[in-house]
1. Just one of (1) outside any helix (DSSP H, G or I); (2) under 19 Å from the mean Cα position of the chain (by Cα); (3) under 28 Å from S191 (Cα atoms) trips up L127, so point out which.
2. Which condition from (1) touching a helix residue (DSSP H, G or I) at 6+ places or on another chain (Cβ under 6 Å); (2) outside any strand (DSSP E or B) is the one that V181 breaks?
3. Of all the residues that make up the range 110-138, how many are more than 26 Å from R172 (Cβ to Cβ) and free of Cβ contacts under 8 Å to residues at least 60 places away in the same chain?
4. Counting just the residues of the range 60-92 that are touching a helix residue (DSSP H, G or I) at 6+ places or on another chain (Cβ under 8 Å), in a strand (DSSP E or B) and among the aliphatic types (A, V, I, L, M), which one comes out surrounded by the most Cβ atoms within 10 Å (Cβ to Cβ)?
5. Quick check on my filter: what residues within the range 99-120 are within 13 Å of Y49 (Cα to Cα) and part of a strand (DSSP E or B)?
6. Given the conditions (1) farther than 26 Å from E125 by Cβ; (2) in a loop (DSSP other than H, G, I, E, B); (3) not acidic (D, E), report the number of the one that R172 does not fulfil.
7. From the list V192, V158, V183, which one is within 22 Å of P91 (Cα to Cα) and in contact with an Asp or Glu (Cβ under 9 Å, 6 or more places away or on another chain)?
Amino acid sequence: MTYVIPPVLSFVSIFDLPAMPILPPEPDCFPDDLLAQPESLESQWWLLYTRTRQEKKVVRQLRDAEIGHYAPMIPNRMRSPAGRIRTSFVPLFPTYVFLRGGDEARHEAICTGCVLKAVEILEIEQLVEDLTQIRNLVEMGVPMTIESRLEPGTMVRVKNGSFRGYEGTVIRRENERRLLVAVRFMEQGVSVKLEDCQLEMIG
């Protein structure tokens, strides 16, 4: 009797497969100079409350319709079971998108089916100032802590160092001195660690 020896099967672990390429971040601001445009101080603004994990879909459709908007995205790094670092881009403020435009733009956003509510923002100059600071921090790539509740305190301006010109409230977190930069309309913001720098009170 002749025995046929079956070929040795080769199993490839999913961890031996090459890592999936990291997709580049999608634009989170349209147009790119939205916050610097003079008309941003003269237009209506809305805060859109989106369905969970639907912020990117709303942003894509607003961009396709060429409607001004901003939804800050930040890198989120996680370690896979194989030990690789994977990076994705997630909303800094989940379920929120800032929209610039009138009732027609608001209607366009509602018609995406991903927006639960749109609230008009009246303090436009304050909003643009706050969002500009947030965007600059995101682009600097500095470590930030999301602050879901604003704390009372004295408003200050940083006079020197990496955050020169930034305005916010000084808070303490685990023996660290941090600058809380807020989007005051939302009563939320982010904080960054303050190194040795000079501060001046404002307001």
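1. For L127, the exception is condition (1).
2. Among (1) touching a helix residue (DSSP H, G or I) at 6+ places or on another chain (Cβ under 6 Å); (2) outside any strand (DSSP E or B), V181 violates only (2).
3. Looking only at that region, the number is 5.
4. Selected residue: M73.
5. Result: L99, V115, L116, K117, A118, V119, E120.
6. Unmet condition: (2).
7. Residue meeting the stated conditions: V183.
Residue-wise test of (1) farther than 16 Å from Q188 by Cβ; (2) among the β-branched types (V, I, T); (3) touching a Lys or Arg at 6+ places or on another chain (Cβ under 8 Å).
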| site | (1), (2), (3) |
| --- | --- |
| Q44 | yes, no, yes |
| K56 | yes, no, no |
| I74 | no, yes, no |
| R77 | yes, no, yes |
| F98 | no, no, no |
| G101 | yes, no, no |
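The values are calculated or read from the model by the stated rules, or taken from the named source; none is laboratory data. As the structure is a prediction and not an experimental result, all values here were calculated from the model. Here the Cβ is made from the backbone with ideal geometry for all residues, glycine too, and neighbour counts use every protein chain on show.
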